[in-house]
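Q: Take a look at this one; I'll ask things after.
The values are calculated or read from the model by the stated rules, or taken from the named source; none is laboratory data. Small disclaimer: the values here were computed from a predicted structure and weren't measured. As a convention, Cβ positions derive from the backbone with ideal geometry for all residues, glycine included, and neighbour counts pool all protein chains shown. Accessible surface areas use protein heavy atoms only, side chains included; no ligands, DNA or RNA. Shrake-Rupley method; radii C 1.70, N 1.55, O 1.52, S 1.80 Å.
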Amino acid sequence: MTKAVRYDQFGGIEVLRIDDVDRPVPDDGQVLVRVKAAGINPGEAAIRTGAMADIFPSTFPSGQGSDLAGVVAEVGAGVDRFSVGDEVIGFSEKRAAQAELVLVDVDNLTPKPKNVSWEVAGGLYVAGVTAWGAVHSMRLDKGETVVVSAAAGGVGSLAVQLARRAGATVIGVASEHNHEWLRSHGVIPVGYGDRAIDRIKVAAPCGIDAFIDTHGGGYVELALALGVAVERIDTIADFAAAAKYGVKTEPGTNARPGAEVLGELAALISEGHLEVPIANVYPLTQVRQAYAELERGHTHGKIVLEP
């Protein structure tokens, strides 16, 4: 038997539990990974509450989680890219990553660089490919100015760094206690809340070329008020506003496989070109506490579970 996060109905963190389940057996093209770290994400909380049931229907009992990093425990027939003992980063498409042992399609794995920590590797996939997709959708040119909302969050903290690597001037909207971190990464910080639009205008007297919204709650409208063209606004959080105004919703890799982007991001981390801030690490048995922290908001970087 092995342990895994499960829930039987939509609801708050109280529906989450740790179950003993049968050891998974890899089928053709699958790899069984012993999980060392698994990230958690706001989208998973939304799925668990039923808020996204129309898009992501659930079958109960349901598992949870996409992000994972671990060690190959067993390989199925036809798998020759990985061997038992290999360290890997990947993702589950079955909402099953928050467990001790997880079955992963071989195409959803990439090797973990030795100098990338388990916590960083385990929390990389969702935030990493989402940030990558959003930044690439903007097609930033050197010298352009882009604003990123929730710039110190799990996705935002990566998006600002990738936008800087693209040569853009980056303005990050975030809580004041995260401003020093943003400055240290070449980002111009501005406070969120009342009159944020005025602070952005002061920070960018020549105007804004693009806007990446990783938070929702009115930032699409703020971007439009700043004069940003519809095709240069991307939101990963406010789909109602996207439908209303016709802005982009580019959360992922569309043009490239997820594992390929994951490998590229892992290499940037390994080479010291990209940082994944880790807000907190919880044992798997404290999954409720981990999501309670996540759902309070204002998290700097990623929260990770360790089985």
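Q: For every other residue with a beta carbon closer than 13 angstrom to the beta carbon of GLN98, add +1 if it is Lys or Arg and -1 if Asp or Glu, then tell me the sum.
A: Once all neighbours under 13 Å are counted, the net charge is +3.
Q: Round to a whole number: what % of the accessible area of the chain belongs to carbon and sulfur, probe 1.4 Å?
A: 49
Q: Within the chain, what's the longest stretch lacking trypsin sites (Lys or Arg not before Pro) that sit in DSSP loops with no more than 12 other Cβ atoms inside 10 Å?
A: Here the longest run is 1-113.
Q: Moving to a separate point now. If contacts are Cα pairs under 8 angstrom and at least 6 residues apart, what is the relative contact order of the chain in percent?
A: Numbers: 720 pairs, mean separation 59.8, N = 307.
Relative contact order comes out at 19 percent.
Q: Next up: So what is the calculated 222 nm ellipticity per residue for the chain, using -39500 (n - 2.57) for each DSSP H run with n of 4 or more, over all residues, to the nearest 500 deg cm²/dmol?
A: It lands at -8000 deg cm²/dmol.
Q: Same structure again: When the chain is treated as a GNM, springs tying every alpha-carbon pair under 10 Å, which of HIS273, HIS179, HIS136 comes out with the largest mean-square fluctuation?
A: Result for the chain, Cα springs under 10 Å: HIS273 fluctuates most.
Q: How big is the charge dipole of region 54-170 about its Cα centre, in debye rounded to the nearest 20, if each Lys and Arg gets +1 on its Cβ and each Asp and Glu gets -1 on its Cβ?
A: 480
Q: A follow-up question, please. Mind checking the per residue accessible area of region 88-234 for me, 1.4 Å probe, whole number of Å²?
A: Per residue, region 88-234 has 39 Å² of solvent-accessible surface.
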